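Here is the structure we will look at.
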Amino acid sequence: MLLLCLLVWPCAAQDHDVTIARIKYEGGGDWYSDEQSLPELLAYVRTHTLLDVAPRPAIVELTSDKLFMFPYLYLTGHGNVVFTDDEVRRLHQYLEHGGFLHIDDNYGIDAAIRRELARVFPDQALVELPFDHAIYHTHYSFPSGLPKVHQHDGKPSQGFGLFDSYGRLCVFYSYESDLGDGWEPTTVHDNPPEVREKALQMGTNILIYAMLAPGN
């Protein structure tokens with residue numbers, strides 16, 4: 001984990017302590033969806049916490065040497081996701097050295113992302129996190145787990161995780177919630193104010209957890 005700490009904190013951003021990044025991936029899925037979601041979340045985090053995050057995310061490919069500059073990666077979309085063998089290897093290395101990946105199901109990504117994660121961590125499967133897990137209580141409390149933002153096919157929202165060899169949660173998969181749609185401005189998605197607030201609060205929890213959880 002020392003490797004990521006040495007690479008991230010001195011150079012994450014010139015004027016900010018932390019810069020996060022959105023993953024650009026291949027396979028045909030819309031990795032760029034909900035373009036305004038992360039800037040909106042970052043503005044909320046800057047207003048409601050002491051975390052000094054850059055106001056806009058970077059865009060990074062898993063093959064980029066810049067990958068290890070970012071302590072938090074975000075991946076979303078509606079369609080297919082395909083990692084090359086080299087991308088699988090580098091993502092595994094990133095996660096085993098202290099990095100954190102948040103995958104946000106924007107509806108339609110589930111089958112592809114489960115397939116690719118099984119290549120990154122072939123010895124474990126995604127497990128649903130209990131409602132008392134710290135990620136649901138780091139800054140705001142969600143006693144019933146992941147909030148529901150959009151109704152797609154009637155399934156409940158669920159938060160799944162994968163763990164590195166130290167037992168640290170390094171991948172959080174928000175499924176059937178659509179947090180990114182909740183982060184976007186009300187002019188984009190007509191979410192009730194209380195739903196959008198819950199989405200932003202949960203996003204804040206995830207980001208703070210990625211920064212402050214034991215082992216990070």
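The values are calculated or read from the model by the stated rules, or taken from the named source; none is laboratory data. Computed from a prediction, not measured in an experiment: that's the story for all the values here. Cβ sites come from the backbone with ideal geometry, for glycine too, and all protein chains shown count toward neighbours. Quick note on the areas: whole protein, heavy atoms, side chains included, nothing else; ligands and nucleic acids left out. Shrake-Rupley method; radii C 1.70, N 1.55, O 1.52, S 1.80 Å.
See the values below:
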read-out: Residue check for residue 156: open to solvent by less than 50 Å² (accessible area, probe 1.4 Å), part of a loop (DSSP other than H, G, I, E, B) and farther than 19 Å from residue 138 by Cβ; value: no
read-out: Residue in segment 164-184 that is farther than 23 Å from residue 49 by Cα, of a type in the set (Phe, Trp, Tyr), open to solvent by 10 Å² or more (accessible area, probe 1.4 Å) and in contact (Cβ under 8 Å) with a residue 24 or more places away in the chain present; value: yes
read-out: Pairs with Cβ under 6 Å, 6+ apart, first in segment 93-105 and free of Cβ contacts under 8 Å to residues at least 60 places away in the same chain, second in a strand (DSSP E or B); value: none
read-out: Only listed residue being in contact with a Gly (Cβ under 9 Å, 6 or more places away or on another chain) and crowded, with 22+ Cβ neighbours inside 10 Å, chosen from 75, 91, 95, 67; value: 91
read-out: Among the candidates 126, 207, residue that is open to solvent by 20 Å² or more (accessible area, probe 1.4 Å), modelled with pLDDT of 95 or more and within 19 Å of residue 73 (Cα to Cα); value: 126
read-out: From the options 123, 132, 110, residue that is among the charged types (D, E, K, R) and under 16 Å from residue 170 (Cβ atoms); value: 123
read-out: Residue check, residue 132 surrounded by fewer than 11 Cβ atoms within 10 Å (Cβ to Cβ) and under 26 Å from residue 198 (Cα atoms); value: yes
read-out: Complete set of residues in segment 24-53 that are surrounded by 14 or more Cβ atoms within 10 Å (Cβ to Cβ), without any contact (Cβ under 8 Å) to a residue 60 or more places away in the chain and aliphatic (A, V, I, L, M); value: 42, 43
read-out: Residue 145 vs. criteria closer than 27 Å to residue 199 by Cβ, open to solvent by less than 40 Å² (accessible area, probe 1.4 Å) and part of a loop (DSSP other than H, G, I, E, B); value: yes
read-out: Top-ranked residue in segment 185-195 [being free of Cβ contacts under 8 Å to residues at least 40 places away in the same chain and within 22 Å of the chain's Cα centre (by Cα); ranked as most open to solvent (accessible area, probe 1.4 Å)]; value: 194
